[in-house]
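To start, the structure itself, in structure tokens.
Each reported figure results from applying straightforward, stated rules to the coordinates on display, with no laboratory input. Everything numeric here is computed off the predicted structure, so don't read it as measured data. Note: ideal-geometry Cβ built from the backbone for every residue, glycine included; neighbour counts use all protein chains shown.
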Amino acid sequence: MPAPSSSKRLQNQVALVTGGSSGIGAGVAKSLAAEGARVFVNYSRSANDAAEVVREIEQAGGQATAVQADVSREEDVLRMFDQIREQAGTLHILVNNSGIQDDAPLLDMTLEQWQKVIGVNLTGQFLCAREAAREFVRRGPQPEISKATGKIICMSSVHELIPWAGHVNYATSKGGVMQLMKTMAQELAPHRIRVNSIGPGAIATPINHSARDTPQEEKNLLTLIPYGRVGEPADIGHVAVWLASDESDYVTGITLFADGGMTLYPGFADNG
Ligand code: BGC
């Protein structure tokens, strides 16, 4: 039985999940919608996948709308925020989730690979966070809806901490997301805007499919996860709901790692 609507933690709130058409973003969009948020499911190219996420949310009794934008392009981001304001009036929650990998050893990495990943993973988060913060400040507090005037959740990674050979563009983007998040949290706290990150470990999504392809690869991956399982998008969705809800109203400027212990240096458990 679904919970009565009054007990939903994100009732009457409007959320945007960038990169919501697949992977962690799709999981987060569904979790936020299940808690009553009206969710804008952003996609860059996968219109069909976004439509499918919207359909699943609606079938479960939630509210969702697909919205196109390449988050690395300022004009796209501005258009997306205009569309959200036109259709929903305002925004309460941004989940800055869009992220890509384009891996290569440093010696072979092209400038194009570097700029593409930094463009989506870091510049995209800056552009969306800036527009969300502008909207939160413009609209002002709505204490009957949420204690905070707005909430920004940045999708980081264990790789904001853990260096990752062969992925220098990706690891650098996530290191950047850490300072982006903390600096925005410091700057926006007086406006009662909370900014936090989630640091997922290995979550079963298309982005790391190649690391889980064969039983041997999966076994190797599990040596990095003390908790003994690969994560699911819903593991991250539940954390996002909490960070977006009033239950975390005194939490700002943190990265909450949801990684089955990947950041615990498991190699040191029987070594060092
Ligand atoms: C990456 C995944 C990887 C995980 C753990 C994530 O940020 O996108 O490909 O499996 O970190 O290394």
Pairs beyond 26 Å (Cα-Cα), from Lys116/Lys147; Lys8/Lys151; Lys147/Lys182; Lys151/Lys219; Lys8/Lys147: Lys116/Lys147; Lys151/Lys219
Placed amide H near Ala258: partners under 5 Å, 5+ positions off or other chain: Gly199, Gly201
Helix 233-244: inclination vs the chain longest Cα principal axis, degrees, rounded to 10, gives 50
How far is the Cα center of region 231-254 from the Cα center of region 109-137, in Å? 21
For a quick check: sort His209, His167, His238 by the number of other beta carbons within 10 angstrom, fewest at the front. His209, His238, His167
For region 42-49, 3J(HN,Hα) per residue [Karplus equation, 6.51 cos²θ - 1.76 cosθ + 1.60, θ = phi - 60°, Hz, x = Gly/Pro]: 7, 9, 9, 10, 8, 4, 5, 5
Assuming R0 = 22 Å, what is the FRET efficiency of Asn12 and Glu58, from their Cβ-Cβ distance, to the nearest 0.05? 0.80
0 to 90° range, to nearest 10: angle between helix 23-34 axis and the chain longest Cα axis: 30
Taking each pair of different alpha-carbon atoms in the chain once, compute 1/r for the pair, average those values, and report the inverse of that mean as the Kirkwood hydrodynamic radius in Å to one decimal. 18.8
Cβ density ranking, 10 Å radius, fewest first, applied to Tyr170, Tyr227, Tyr43 yields Tyr227, Tyr170, Tyr43
FRET E, pair Glu86, His209, Förster distance 30 Å, beta-carbon r, rounded to 0.05: 0.25
Projected onto the charge dipole of the chain (+1 at Lys/Arg Cβ, -1 at Asp/Glu Cβ, origin at the Cα centre), which of Thr255, Asn12, Ala204 gives the Cα projection farthest towards the positive end? Asn12
5 Å is the cut-off here: which amide hydrogens, built 1.01 Å from N in the peptide plane, fall below it relative to Ala66, excluding neighbours closer than 5 in sequence? Val41
³J(HN,Hα), Karplus 6.51/-1.76/1.60, whole Hz, each residue of region 117-122, x for Gly, Pro: 6, 5, x, 7, 6, 10
Computed magnitude of the charge dipole of region 200-272 (debye, nearest 20; Cβ of K, R +1, Cβ of D, E -1): 240
For the chain, longest principal axis from Cα atoms; helix 124-139 axis from its Cα atoms; angle between them, nearest 10 degrees, is 20
Could you please rank Val54, Val137, placing first whichever residue has the fewest other Cβ atoms within 10 Å of its Cβ? Val137, Val54
